[in-house]
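Here the structure is laid out as structure tokens; the discussion comes afterwards.
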């Protein structure tokens with residue numbers, strides 16, 4: 001698999017596929033590499049293309065070939081690599097790969113069975129396809145931002161790069177489907193993946209769109225509460241403070257009286273409240289906070305889980321790393337990197353007994369250039385030196 005993408009979405013797509021067993025060769029620009037190499041945090045706070053936390057995570061286990069695909073020599077090398085590749089993933093602006101002579105129509109000529117996934121913020125066509133995009137843009141245009149934040153404040157963006165990670169996951173699923181199709185037909189195909197559409201598709205299924213279309217209801221921001229405002233809707237689902245932090249409190253459909261049992265407050269099981277829980281949200285929150293203030297997070301979670309009420313403590317990053325559940329399942333492991341040292345990496349969320357997850361570190365820029373060009377394309381050492389001198393490649 002050839003990863004020509006830049007940034008989070010394509011990087012996560014190929015990371016997922018690598019974790020499922022694929023060999024991924026990442027094609028990077030000589031000298032600078034993938035843009036995530038320049039995104040902090042960095043080891044000891046010192047910027048370095050080899051110690052970006054984002055790059056180290058997204059590219060663990062991949063190989064790096066530093067190749068300038070905008071040069072004639074780089075394009076020719078890329079076409080040769082594509083002949084034997086199963087998949088190519090790219091995230092350039094629509095039309096850019098075709099301008100370089102590396103669009104799907106050209107790659108299909110050298111490898112008719114090739115699966116190519118193109119990830120763009122707005123997709124490959126449509127009136128927005130040439131617009132500049134970003135994680136913030138995708139989160140806003142998808143509709144998610146309109147629903148994030150307090151109802152009396154401006155819309156907010158969720159932390160991290162949720163839209164781009166969703167796009168990467170959707171692209172990985174599409175690639176797997178296309179490979180299955182190829183197994184039956186022998187035909188490759190070009191996947192057109194829109195980051196905005198990937199985010200919009202997870203907007204509570206179609207519930208919000210259906211509510212607007214059939215009832216004219218526009219969902220509104222509700223802070224940490226469920227967005228629905230129908231008085232008889234279940235409640236709570238919200239973040240509330242306790243003695244030593246925050247917990248997520250949630251209604252239990254299998255034990256609706258559980259809130260009253262947990263807090264020893266009979267008001268919470270009275271028909272007036274139980275019959276219109278969302279309509280009593282303020283009162284429910286007030287009663288719960290009064291009980292929570294005398295209990296710490298772990299105590300709250302333990303007591304609630306014992307009566308099957310899904311209250312959960314909100315954990316910090318250090319607490320996630322030390323969580324006994326993650327420890328028992330071996331979710332974080334230590335991996336050595338020649339520049340970044342010993343790091344704790346998350347393993348894969350996909351557990352396959354027949355294809356066990358294997359650790360691997362992120363590559364140094366151009367670490368595998370010589371190995372791939374000589375070992376797989378048959379270039380001589382003199383040809384590699386010539387390409388290095390011309391700037392078409394960066395080899396170690």
Can you tell me which residues in segment 27-36 are surrounded by 23 or more Cβ atoms within 10 Å (Cβ to Cβ) and over 14 Å from residue 395 (Cβ atoms)? 34
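Residue by residue, here is whether (1) touching a helix residue (DSSP H, G or I) at 6+ places or on another chain (Cβ under 9 Å); (2) at pLDDT below 95 holds:
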{"position": "104", "(1), (2)": "yes, no"}
{"position": "108", "(1), (2)": "no, no"}
{"position": "111", "(1), (2)": "yes, no"}
{"position": "135", "(1), (2)": "yes, no"}
{"position": "146", "(1), (2)": "yes, yes"}
{"position": "151", "(1), (2)": "no, yes"}
{"position": "167", "(1), (2)": "yes, no"}
{"position": "177", "(1), (2)": "no, no"}
{"position": "187", "(1), (2)": "yes, no"}
Out of 10, 74, which single residue is more than 29 Å from residue 343 (Cβ to Cβ), touching a strand residue (DSSP E or B) at 6+ places or on another chain (Cβ under 6 Å) and outside any loop (DSSP other than H, G, I, E, B)? 74
Looking at the structure I just gave you, is residue 169 assigned to a helix (DSSP H, G or I) and out of contact with any strand residue (DSSP E or B) (no Cβ under 9 Å at 6 or more places or on another chain)? yes
Residue match in segment 19-30 (condition: at pLDDT 95 or above, farther than 24 Å from residue 342 by Cα and in contact with a helix residue (DSSP H, G or I) (Cβ under 6 Å, 6 or more places away or on another chain)): no
Out of 304, 276, 222, which single residue is surrounded by 13 or more Cβ atoms within 10 Å (Cβ to Cβ) and either assigned by TED's automatic domain parsing to the domain that holds residue 148 or assigned to a helix (DSSP H, G or I) (or both)? 304
Test each condition in (1) in a loop (DSSP other than H, G, I, E, B); (2) surrounded by 13 or more Cβ atoms within 10 Å (Cβ to Cβ); (3) within 29 Å of the chain's Cα centre (by Cα); (4) at pLDDT below 95 for residue 315 and report the one that comes out false. (4)
Does any residue in segment 47-65 that is over 15 Å from residue 18 (Cα atoms) come within less than 7 Å, Cβ to Cβ, of a residue that is in a helix (DSSP H, G or I) and modelled with pLDDT under 95 six or more places away or on a different chain, and which pairs are these? 51/43
Look at residue 49 and say whether it is modelled with pLDDT of 95 or more, crowded, with 20+ Cβ neighbours inside 10 Å and in a loop (DSSP other than H, G, I, E, B). no
For residue 230, state whether it is modelled with pLDDT under 95, surrounded by fewer than 14 Cβ atoms within 10 Å (Cβ to Cβ), more than 29 Å from the chain's Cα centre (by Cα) and not in a helix (DSSP H, G or I). yes
For segment 85-99, does any single residue satisfy the condition of being over 18 Å from residue 27 (Cα atoms) and modelled with pLDDT of 95 or more? yes
For the structure I just gave you, tell me whether residue 257 is in the same structural domain as residue 361 (by TED's automatic domain parsing) and at pLDDT below 95. no
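The values are calculated or read from the model by the stated rules, or taken from the named source; none is laboratory data. Here the structure is a predicted model, which means the values were calculated and not measured. Counting neighbours? That spans all protein chains shown, and the Cβs are built from the backbone with ideal geometry, glycine included.
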